[in-house]
Structures are given as structure tokens and as C-alpha cells.
């Protein structure tokens, strides 16, 4: 009897081991436990025991998830453009998400039994693409290439303002466009246009530099010319001043010579006044004596007898 009880307890324990399970959720998982289709417990990061044969466990991740995308769109000018980017989202309302998508997991492998969680990313990408297309179709290719960051901000604000993802319980945290690329031939054309624009700006810069150099050279020559004019004017004034000084000096010298001649005349008159009362023949004799004394200074002197006779006669008559 005792052995039968032990065997029964063992069988019961083994049965419970196969029928009873224990589940512990991660802190970033929102779990709902269903028994016969009705939720019996739910919460984030909860743990509990459950009967395997009649319990269904739904686990919704609440962490942020990054997803990349590539959109092929057409601009207002009918130019194809490829937009690459990434969006980050989180399930803000896990209960609503679990109601529209199947998040049931296999407790033993802790993996979802359907691909609904992966389809959620596709649905979010479709909403983002829809808003991106609407915005891109309003712009030209050049505007799209220059304003990808602004387009991403506009798309996110539009999605938030219209609550496009609220029915799925999803919240968009960020949208980034990492690049917008046109077709290769269009890209080459744009590169050629931009390259020509750069070359044109370089030519304009060279022309402006040359024009500035010519202008500076003109200013230098004008300054040199003005300096030369100033020097010539100063030279003319100097010549005029020198002429005025020379004229004044000449006038002064002339006056001095006149005064000197006048004084010499007066001196000569005074000197000769002493000989006026003397005998002319004595004066002539004195003159001849002075000539004899200064004969070395006289180069050539001819006194004929007729001249001497005339002098003596003239002196006698006087």
C-alpha cells in the first residue's frame, strides 16, 4: 500500500512536470497570459506558473527597434530618386499591438510562432513611404537632394499629427534619410552642371582678381603721376624762387657796385683835388714815375714824342 502511494505521488509529480510550466518575462517584454482565450494576467516583466496545455502566452517587446529602408520615388519634375534611411520605433501600446498582430510565443524556445512581428516593420515602412512620396512629389529633384533632412522632419511631424501609427500601438522615435540618389546619368549631368558652375565661379574670381590688380596698378600710376606733378610744381616754384633770389641778388650787387663806384669816384675826386693846384708838369712827372715803378705790370705802352708834346702843351695851357 505504501509503495502504491509512493508510485502514485511519483506519477503525479511527473505529470505536473509535464503539465506545469514557469515563465519569466524580460524587463522589456509586455506579457499577456490567456487561458481558454481569456486574459488571466498581464504586465511588463512579470513571471508566473502556468498549465502548458491550456495557457497561451503573448510577449510584446517594448524596446526601441531600428529598421533600414530604401524608397524609389519620383519628384515633381518626374525624376526618379532613391531615398535610403532608417527609422526607430517602439511599441508604446503593447495591448493594442497584441490585439491586431499575433505575438504568441513558444515558451520553451521563447520565439514567436508567426511572422506578424516582422510584418509590423513593413507596415510602419509603408506609412513612412506614403508620407515621403507625398512630400517628394511636391519638390524638384534639386530640392529633394538638398533638403533630405527637412523632408525627414516633415514626414515625422505629419505621421505624429495624423496619428497614423496609433492604431498599431506604435510610436516613431526618429526618422533619418541617409541619402537621396538620382539615376546615374542624371547624377552625372548634375555633377557636370555643378562642375561648370564651379569653373565659372573660378573664372569670375580670376577676372575679379585681375580687375582688382589693374585697378590697384592704375591707382599706383595715378599716385606716381600726381607725385610727379607735385614735384614739377615744387621744381617750378623752386626755379621761380631761385630766379627771384638771383634777381634780388643782382639788383643788390648792382646797387652795391653803384655805391662802390660812387664812393670810388668821390675818393678819386678827393685824391685828385690835391693835384688841382699843383703844376701840371709836376703831376705829369709823378705819373710817369708811377708808370716806371709799375712797368712790370704794364704789358705794352707806346708814348710817342708827339703825344708827350701834346700832353705838355695841354698841361701848360691848363
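What the table below lists for this structure:
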item	result
Stokes-Einstein D for the range 138-179, Kirkwood Rh over Cα pairs, 4 °C, 1.567 mPa s (µm²/s)	114 µm²/s
Neighbour-count ranking [beta-carbon atoms within 10 angstrom, fewest first] of 252, 112	252, 112
Mean separation of Cα contacts under 8 Å, 6 or more apart, over the residue count of the range 62-182: relative contact order %	39 percent
When the convex hull of its Cα atoms is projected in every direction, mean area for the range 185-277 (nm²)	6.8 nm²
Part-to-part distance (alpha-carbon centres) for the range 29-51 and the range 106-180, which is given in Å	31 Å
Fraction of the pair-distance distribution of the range 62-182 above 19 Å, Cα-Cα pairs, percent	49 percent
Ranked 172, 91, criterion: other C-beta atoms within 10 Å, fewest first	172, 91
Fewest-first ranking of 130, 168, 257, using other Cβ atoms within 10 Å as the exposure measure	257, 130, 168
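FYI, it's all coordinate maths here, none of it is from the lab. None of these values were measured; they are calculated from a predicted model. Positions of Cβ are generated from backbone atoms using ideal geometry, with glycine treated the same way; all protein chains shown enter the neighbour counts.
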